[in-house]
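Peer 1: Just passing along the structure, written as structure tokens.
The values are calculated or read from the model by the stated rules, or taken from the named source; none is laboratory data. These numbers come from a predicted model, not from an experiment. Cβ atoms come from the backbone with ideal geometry, glycine included; neighbour counts cover every protein chain shown.
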């Protein structure tokens, strides 16, 4: 199998998993009882994975990180508009780890979770457009 096909398959895998995170967040927002920290976590995870898909496509190595800003900085090495247009997505970084454990536990409001979802949908559209180019 050639390297291009391997990269393309890996990009599709990252996107597929990101789509599942986004779907989980959407279903969480539609639930009778909204578990906001779970919704927000899956929004962060989706954004992280969409950005990693872009990095894989451009063969840019990245460490295991949940930092949206770190990933945006790496994406900006290929396309500066990532940092220019998506820097506010970094607010999602705190939903990766901090809100999931008792010592730093925080329960986002439903409004915050809706904003996290809207941001994730925005990042999805942005990244998918860049991947088409």
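Peer 1: Might you check whether a residue that is surrounded by 16 or more Cβ atoms within 10 Å (Cβ to Cβ), touching a residue at least 12 places away in the same chain (Cβ under 8 Å) and closer than 18 Å to residue 114 by Cα occurs anywhere in region 74-89?
Peer 2: yes
Peer 1: Let me ask you something else. Residues in region 101-111: is at least one modelled with pLDDT of 95 or more, in a helix (DSSP H, G or I) and farther than 26 Å from residue 12 by Cα?
Peer 2: yes
Peer 1: Please work out which one of (1) part of a helix (DSSP H, G or I); (2) out of contact with any helix residue (DSSP H, G or I) (no Cβ under 7 Å at 6 or more places or on another chain); (3) over 15 Å from residue 126 (Cα atoms) is the condition residue 92 fails and give its number.
Peer 2: (2)
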